[in-house]
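Working notes, structure below.
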Amino acid sequence: MKTRLLLSLLLSAGILHAQTPVFTSGSDGYKSFRIPAIVRTPKGELLAFAEGRVGGAGDFGDIDLVLKRSSDDGKTWSSLEKIVDNGTLQAGNPAPVIDETDPAFPGGRLFLFYNTGNNHEGEVRKGKGLREVWVVTSADGGRTWSVPENITAQVHRPKQEPYSFPDDWRSYANTPGHAVQVPAGKYRGRIFVAANHSAGDPRPHFTDYRAHGYYSDDHGKTYHLAETVAFDGSNEATAAWLPDGGLLFNARNQSGTPKARIVARSRDGGASWSSVQIDPSLPDPVCEGSLLNLRRRRGHILAFCNAADTARRDRLTLRLSKDGGISWTTGIVVDSGPRDFTAYSDLTELDRRRIGVLYERENYRQIVFKVVEL
């Protein structure tokens, strides 16, 4: 109780810095930017990823993956860099993570997982289209990239040609937001990507959706599917490692009943799930959320951020937990405004006192970066 009270006091006393625009709709040849993801490199550079949507704000169409970087903790940002261009079709759901345990890359290697698609999500759910899963890597902080690798057959189970899995997975999406690497313990080095899929024909209340994950224990040479989360309607997800070798998984409840986050726990680094339940202390309007491990010499702290208003996508709130996500602080409101003012977000740790939040603002007109100082 004392620990939770202290965390609540620390967070409620946090200092909110002014937001800095990173991606602005209508600039750089894109009518809209959505789906933010961010990582901090071992050299301290911030890499902000997003979908650059050429024709408009819709989820399908000519969509590229783009990047901006900051070397001053988010005060200023570079010009835009295009990372993935899938022609007139979509490349989306960027999920970056840095492998800091591969002896072949002592400076760390950046992985960027993403999805491609050839039809609208609703049509893919009907079996009239295909989503695939890809990865590119960089050994120089995202300045140059490998040739894209298609890992669909390892981490997806579609029935659409050229695949023939009887599972008949259809819609598919990575987290959105950053992926995670386990830094220590039995599963040290494991790269884990939260994801979701639909299976079979569409069902009422989106119950054909299920969250899952996939992982690599050999620095991206091979990938393995984690167990599917046993909760109909579980959708966009995020994950964080736990110091006991487990993994905390936090997903959007697509059915909207209740409007709160779905939480699953693993004892084996995310390969399987020992429990799945709704967390009523984490309200959600059916939107995305982000989990982050805060690196501490003593104790273990998690941060979680989402639009914590059940009526609309707004009231972006940052919370902390020191008991592995069993309980959370009441949190601090990072930003709020009229209508769907704040939506998707991702988190990064700047130092022991500051957390960076990259998030969609002003009804998707901007993706901005804000520092929360504890």
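What about GLU236, is it within 25 Å of ALA91 (Cβ to Cβ), of a type in the set (D, E, K, R) and modelled with pLDDT of 95 or more? The answer is yes for GLU236. In the set (1) surrounded by fewer than 17 Cβ atoms within 10 Å (Cβ to Cβ); (2) within 19 Å of the chain's Cα centre (by Cα); (3) not hydrophobic (A, V, I, L, M, F, W, C), SER345 fails one condition alone, (1). Filtered by the rule that a residue be more than 19 Å from GLU121 (Cα to Cα) and in contact (Cβ under 8 Å) with a residue 60 or more places away in the chain, region 202-230 gives TYR214, HIS219, GLY220, THR222, TYR223, HIS224, LEU225.
Can you give me the number of residues within region 139-172 that are over 19 Å from HIS212 (Cα atoms) and either of a type outside the set (Gly, Ala, Ser) or in contact with a Ser or Thr (Cβ under 6 Å, 6 or more places away or on another chain) (or both)? The qualifying residues number 13.
For region 42-53, the candidate set comprises residues that are crowded, with 16+ Cβ neighbours inside 10 Å and more than 17 Å from the chain's Cα centre (by Cα); within that set, the residue that is farthest from ARG352 (Cα to Cα) is ARG53. Scan region 338-345 and give yes if some residue there is free of Cβ contacts under 8 Å to residues at least 60 places away in the same chain, among the aromatic types (Phe, Trp, Tyr) and more than 21 Å from SER266 (Cβ to Cβ), otherwise no. Yes, the conditions are met somewhere in region 338-345.
Just checking, does region 319-333 include any residue being within 19 Å of VAL39 (Cβ to Cβ) and at pLDDT 95 or above? Scanning region 319-333 turns up no residue that is within 19 Å of VAL39 (Cβ to Cβ) and at pLDDT 95 or above.
Looking at ASP218, is it modelled with pLDDT of 95 or more, surrounded by 19 or more Cβ atoms within 10 Å (Cβ to Cβ), under 24 Å from TYR114 (Cβ atoms) and more than 17 Å from the chain's Cα centre (by Cα)? No: the conditions fail for ASP218. For ILE355, the requirement of being in contact (Cβ under 8 Å) with a residue 60 or more places away in the chain and of a type in the set (Val, Ile, Thr) is met.
With respect to the conditions (1) closer than 17 Å to PHE304 by Cβ; (2) surrounded by 22 or more Cβ atoms within 10 Å (Cβ to Cβ), HIS197 falls short on a single one, namely (1). Mind checking whether some residue in region 320-340 is touching a helix residue (DSSP H, G or I) at 6+ places or on another chain (Cβ under 7 Å), of a type in the set (Lys, Arg) and farther than 22 Å from ALA95 by Cα? Scanning region 320-340, I find at least one residue that is touching a helix residue (DSSP H, G or I) at 6+ places or on another chain (Cβ under 7 Å), of a type in the set (Lys, Arg) and farther than 22 Å from ALA95 by Cα, so the answer is yes. Of all the listed residues (ASP99, ASP85), the sole one being farther than 18 Å from ASP140 by Cα, of a type outside the set (Phe, Trp, Tyr) and either surrounded by fewer than 18 Cβ atoms within 10 Å (Cβ to Cβ) or touching a strand residue (DSSP E or B) at 6+ places or on another chain (Cβ under 6 Å) (or both) is ASP85.
The residues of region 121-177 that are within 26 Å of ILE83 (Cβ to Cβ), among the small types (Gly, Ala, Ser), in a loop (DSSP other than H, G, I, E, B) and touching a residue at least 12 places away in the same chain (Cβ under 8 Å), listed by number, are GLY129, ALA139, GLY141, GLY142, GLY177. Looking at region 33-41, is at least one residue surrounded by fewer than 24 Cβ atoms within 10 Å (Cβ to Cβ), among the polar types (S, T, N, Q) and in contact with a Ser or Thr (Cβ under 8 Å, 6 or more places away or on another chain)? No, that holds for no residue.
The values are calculated or read from the model by the stated rules, or taken from the named source; none is laboratory data. What you see is a predicted model; the values in this text were computed from it and never measured. When we count neighbours, we look across all protein chains shown, and the Cβ atoms used for this are built from the backbone with ideal geometry, even at glycine.
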